[in-house]
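K.L.:
Below is one structure. I have some questions about it.
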Amino acid sequence: MTERAASLLQHRVRCADDACMIDGDVRYAPVKSLWLIAMAGAGIIGGTIHFSMGAFAVFVVSTAVVLLFGHSLGSHRKLIHNSYQCPKWLEYVLVYLGVQVGLAGPLGLLRQHELRDYAQRLPVCHDYLRHGRSMWTDAWWQLHCDLHLASPPHIELEARVAGDRFYRSLERTWMLQQLPPALLLYGWGGWGFVFWGVCARVTAGVIGHWLIGYFAHNHGAMRYEVAGAAVQGRNIHLTSLLTMGECWHNNHHAYPGSARLGLAEGEWDPGWWVLRGMQCAGLAWDFRLPRDLPARPELRETGARSTPADAAAALPAPIAPKGT
């Protein structure tokens, strides 16, 4: 791993040596597997029996809301990368919506991200961490199994997250957090709304997260290359709206701390559009962009339409926060 990559992560992930990310076994994870099977089964069977256009509309809207505000803005750009600032109450709302995706609790999701981020910057890592097997093998591994490393690293989360009572409570109860929306939806539209608005939504979120992750590490365009890294991110151009901008994964590997993921003209980034709207309303500020991040000697451009510096330079001046 390069010196720069090591310095970025050494305060979060500590390994005896880089080999700690290679040796390990992929084992069936019953709770993780049964969670997805139960949600998928209920979504398919119950959703078919109780289908209505209203229930399907609830699925579309609720999925879009949790992916945009929860996963992209809450879990990823805020909780994991802290790439912008906002009022604490809003951060809690966004991260809570991120839990509604159904992947994990906030602390578990952060630990898994730190582990993968560290591993993917090494010259070599376990295939589980790099989506390095066939599509079907990777689907089984990521959706139904966990990786047990022979010498797992120590992952130290930032104090702002690790010691937060709200996040610790969500971590203990993240599966149960599907009950409040289920009760609300049942009271609003009966079982059809529950099967589509909870079960089908969680199934789509979990499987969709894996699917985009697989393609974003194996297939797609590359504008940047991180020298010496085991994994290169890829940009999946056709899914920008479906993923709320998270599909610009090559950009993200190049500038992981950037609040903006779509860096070039034509790279639609709904998450960034919403952040700009929040900024205008005084609800978000201090965005980190490629121009604000430390230089990375290992990063090189492979040839592209425009540079991130050009895209960042074209942004309007930041708006000062109001009453924060």
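K.L.:
What's the total number of residues in the range 155-176 that are of a type in the set (D, E, K, R), within 21 Å of A119 (Cβ to Cβ) and within 18 Å of the chain's Cα centre (by Cα)?
P.N.:
Final tally of qualifying residues: 1.
K.L.:
While we're here: Could you list, in sequence order, all residues of the range 23-53 that are hydroxyl-bearing (S, T, Y), touching a residue at least 24 places away in the same chain (Cβ under 8 Å) and exposed (fewer than 13 other Cβ atoms within 10 Å of the Cβ)? Give the steps one after another, and end with the answer.
P.N.:
Looking only at the range 23-53, we keep the residues that are hydroxyl-bearing (S, T, Y), and these are 28, 33, 48, 52.
Those left that are additionally touching a residue at least 24 places away in the same chain (Cβ under 8 Å): 28, 33, 52.
Selection gives Y28 alone.
K.L.:
For the range 118-140, how many residues are in a helix (DSSP H, G or I) and open to solvent by 30 Å² or more (accessible area, probe 1.4 Å)?
P.N.:
6
K.L.:
Next question, about the same structure. For a quick check of your reading of the model, give me the residue pairs whose first member lies in the range 180-203 and is β-branched (V, I, T), whose second is part of a helix (DSSP H, G or I) and open to solvent by 40 Å² or more (accessible area, probe 1.4 Å), with beta-carbon atoms closer than 7 Å and at least 6 apart or on different chains.
P.N.:
Short answer, once both residue conditions are applied: V194/Y186.
K.L.:
Here are G197, G205: which of them is over 20 Å from the mean Cα position of the chain (by Cα), surrounded by 17 or more Cβ atoms within 10 Å (Cβ to Cβ) and in a helix (DSSP H, G or I)?
P.N.:
Going through G197, G205 in turn, the sole match is G197.
K.L.:
For the condition surrounded by fewer than 21 Cβ atoms within 10 Å (Cβ to Cβ) and at pLDDT below 95, what is the one hit in L211, L241, L184?
P.N.:
L241
K.L.:
If you check P152 against the conditions, is it more than 20 Å from the chain's Cα centre (by Cα), in contact (Cβ under 8 Å) with a residue 40 or more places away in the chain and either assigned to a helix (DSSP H, G or I) or under 22 Å from H76 (Cα atoms) (or both)?
P.N.:
no
Residues checked against (1) open to solvent by 40 Å² or more (accessible area, probe 1.4 Å); (2) of a type in the set (F, W, Y):
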site: E114; (1), (2): no, no
site: L143; (1), (2): no, no
site: P152; (1), (2): yes, no
site: L170; (1), (2): no, no
site: W188; (1), (2): yes, yes
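K.L.:
Among what's in the range 279-293 and is assigned to a loop (DSSP other than H, G, I, E, B) and over 22 Å from the mean Cα position of the chain (by Cα), pick the residue that is farthest from Q85 (Cα to Cα).
P.N.:
Of everything passing the filter in the range 279-293, A281 is farthest from Q85 (Cα to Cα).
K.L.:
Let me ask something else. Only one of these is under 27 Å from V274 (Cβ atoms) and among the basic types (K, R): R116, R165, R133, R121. Name it.
P.N.:
Matching residue, one of R116, R165, R133, R121: R116.
K.L.:
Mind checking whether some residue in the range 217-230 is touching a residue at least 60 places away in the same chain (Cβ under 8 Å), open to solvent by 20 Å² or more (accessible area, probe 1.4 Å), in a strand (DSSP E or B) and closer than 19 Å to L293 by Cα?
P.N.:
The answer is yes, given that some residue of the range 217-230 is touching a residue at least 60 places away in the same chain (Cβ under 8 Å), open to solvent by 20 Å² or more (accessible area, probe 1.4 Å), in a strand (DSSP E or B) and closer than 19 Å to L293 by Cα.
K.L.:
Moving to a separate point now. Looking at the range 99-126, I want the residues that are among the small types (G, A, S) and have a partner that is part of a helix (DSSP H, G or I) with Cβ atoms under 6 Å, at least 6 apart or on another chain. Which pairs are those?
P.N.:
Within 6 Å, the pairs are G102/V202; G102/G205; G102/V206; G105/L170; G105/E171; A119/M21; A119/L129.
K.L.:
If you scan the range 209-229, which residues turn out to be among the small types (G, A, S) and over 17 Å from S134 (Cα atoms)?
P.N.:
A221, A227, G228, A229
K.L.:
Here is a further query. I'd like to know if the range 11-21 contains one or more residues that are modelled with pLDDT under 95, hydrophobic (A, V, I, L, M, F, W, C) and surrounded by fewer than 18 Cβ atoms within 10 Å (Cβ to Cβ).
P.N.:
Within the range 11-21, one or more residues are modelled with pLDDT under 95, hydrophobic (A, V, I, L, M, F, W, C) and surrounded by fewer than 18 Cβ atoms within 10 Å (Cβ to Cβ).
K.L.:
Taking H71, is it assigned to a helix (DSSP H, G or I), in contact (Cβ under 8 Å) with a residue 60 or more places away in the chain and not polar (S, T, N, Q)? I'd like the intermediate steps shown before the answer.
P.N.:
Details: assigned to a helix (DSSP H, G or I): yes; in contact (Cβ under 8 Å) with a residue 60 or more places away in the chain: yes; not polar (S, T, N, Q): yes.
So H71 passes the test.
K.L.:
Considering only residues that are within 21 Å of V99 (Cβ to Cβ) and either in contact with a Gly (Cβ under 8 Å, 6 or more places away or on another chain) or not hydrophobic (A, V, I, L, M, F, W, C) (or both), which ones fall in the range 188-202?
P.N.:
F193, V194, F195, W196, G197, C199, A200, R201, V202, listed by residue number.
K.L.:
I'd like the full set of residues that are assigned to a loop (DSSP other than H, G, I, E, B), aliphatic (A, V, I, L, M) and more than 19 Å from H217 (Cα to Cα), limited to the range 248-276.
P.N.:
The answer is A259, A264.
K.L.:
Here is a further query. Determine whether A259 is open to solvent by less than 30 Å² (accessible area, probe 1.4 Å), at pLDDT below 95 and either β-branched (V, I, T) or in contact with a Lys or Arg (Cβ under 7 Å, 6 or more places away or on another chain) (or both).
P.N.:
Against the criterion (open to solvent by less than 30 Å² (accessible area, probe 1.4 Å), at pLDDT below 95 and either β-branched (V, I, T) or in contact with a Lys or Arg (Cβ under 7 Å, 6 or more places away or on another chain) (or both)), A259 does not qualify.
K.L.:
For the range 276-289, which positions are in contact with a Cys (Cβ under 9 Å, 6 or more places away or on another chain) and either among the small types (G, A, S) or within 22 Å of H113 (Cα to Cα) (or both)?
P.N.:
Correct list: A284 only.
The values are calculated or read from the model by the stated rules, or taken from the named source; none is laboratory data. Quick caveat: nothing in here was measured; it's all calculated off a predicted structure. All Cβ positions, even for glycine, are placed from backbone atoms using ideal geometry, and neighbour counts span all protein chains on display. The area values use the complete protein model at the heavy-atom level, side chains included, leaving out ligands, DNA and RNA. Shrake-Rupley method; radii C 1.70, N 1.55, O 1.52, S 1.80 Å.
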